[in-house]
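The values are calculated or read from the model by the stated rules, or taken from the named source; none is laboratory data. The structure displayed is predicted, hence computed values, not measured ones. Every residue, glycine among them, receives a Cβ derived from its backbone with ideal geometry; neighbour counts consider all protein chains shown.
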Ligand SMILES: [Zn+2]
C-alpha cells in the first residue's frame, strides 16, 4: 500500500502540474482558476496560516475547522508557485498524509472554500476518484485528458455546493473571465468563421485530446444554463447562450461529442456518489481512457488516508499510443 500511496502522490503531483499547464482550458469554470493570461500569478504570496485564518470569512474558517476535526488532518497553506495559471489548488499527499492548499495573489474566500470542498468530497464523503490503473503508462496526453475529465466532473459538485452555501454564482463561483473572455471572445471567433487554430480553444491541441477540450467547453456551458440559468443575471445567461449557439453551429462534430457527455449528466445525478461515479466512468470510456484509468476512492486506515489502485480489468493497459 505504501507504493500505492507513493504512486498516488506522484499521480496527484503530475495531475496538478497538468492542471496548471492546461490552466486556460481547465479553468474555464473552476472557481479557483483564471483564464489565459488573466490572474496569472507573477509573484508568490507570502501568507501564513495564521494570517489566513485572521482574514477568512467566519464560514470558511468554520469549514476548515470542521474538515480538520473530521479527518484529523491539518491543512497546510502554501504559496502557489509563481507563474501558474490558477489562483488556488488542492492536493493530498498520501506519503506524508498531508492535505495542502496553495494560494496565489488575488485569492478570494470562495477559492479557499472551493479547495476545501474538494478535500471534503475526496476524504470525508469518499467521492470516487479517477486514477491510473496499476501498470498503465501515463503519457502527457492521457494525463491531460484524465485531469480534464476529473476536474470538470468534480467541479460540477463543488460549484453546486458553493452556490448552495450562499456564494454568488456570478463572480464568485463562476469567475468573470469565463463570461467576458471565453463566452464572449470564443463566440466571436466562431461567428467570424475562424479555423481551429485560432478559435481561442486550441491551447491544448498540441498535446492531444483537443476534441475532448472543446467538447468539455460546450458541455459545461450547457450545464451552467441548466443549473444556474435562473440565478445568473440575464446578461450572463445571454453570454452563455451565444457561446452555445456559435459552438453548435460552427463545431458540430465536437457538439455531438459534448451531447454524449451531457447525456451522462442527464442520466445520472453528479451530486450523488453513485451518479458522480457513473459519469466519471462513462466519460472516461467515451475518451478511451478506461483502459488506463479506473475508479477508486480514499480509505482511512487508522490516522492515514490511502488511495487504493482501481480494480483490475482484463485488458492490456499499456504499450500503445494516445487514445486519439
Ligand atoms: Zn475545483
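So which residues in the stretch 303-324 are part of a loop (DSSP other than H, G, I, E, B), over 13 Å from residue 131 (Cα atoms) and at pLDDT 90 or above, if there are any at all?
Of everything in the stretch 303-324, just one residue is part of a loop (DSSP other than H, G, I, E, B), over 13 Å from residue 131 (Cα atoms) and at pLDDT 90 or above, namely 303.
Would you say residue 173 is within 13 Å of the ligand (Cβ to nearest atom), surrounded by 24 or more Cβ atoms within 10 Å (Cβ to Cβ), within 20 Å of residue 223 (Cα to Cα) and touching a residue at least 12 places away in the same chain (Cβ under 8 Å)?
Taking the combined requirement at face value, the residue satisfies it.
Return the residue satisfying two criteria in turn: it lies in the stretch 44-73 and is surrounded by fewer than 12 Cβ atoms within 10 Å (Cβ to Cβ) and in contact with a strand residue (DSSP E or B) (Cβ under 8 Å, 6 or more places away or on another chain), and of such residues it is nearest to residue 115 (Cα to Cα).
48
Look through the stretch 122-155, keep the residues that are surrounded by 20 or more Cβ atoms within 10 Å (Cβ to Cβ) and more than 22 Å from residue 288 (Cβ to Cβ), and return whichever of them is nearest to the ligand (Cβ to nearest atom).
Selected residue: 155.
Helices (runs of 4 or more DSSP H) wholly in the stretch 1-101 with at least 3 residues that are within 22 Å of the chain's Cα centre (by Cα), within 16 Å of the ligand (Cβ to nearest atom) and at pLDDT below 90 - which ones?
Qualifying helices (runs of 4 or more DSSP H): 2-21, 23-26.
Answer yes if at least one residue in the stretch 153-175 is assigned to a helix (DSSP H, G or I) and either on the phi > 0 side of the Ramachandran plot or in contact with a strand residue (DSSP E or B) (Cβ under 6 Å, 6 or more places away or on another chain) (or both), and no otherwise.
No, that holds for no residue.
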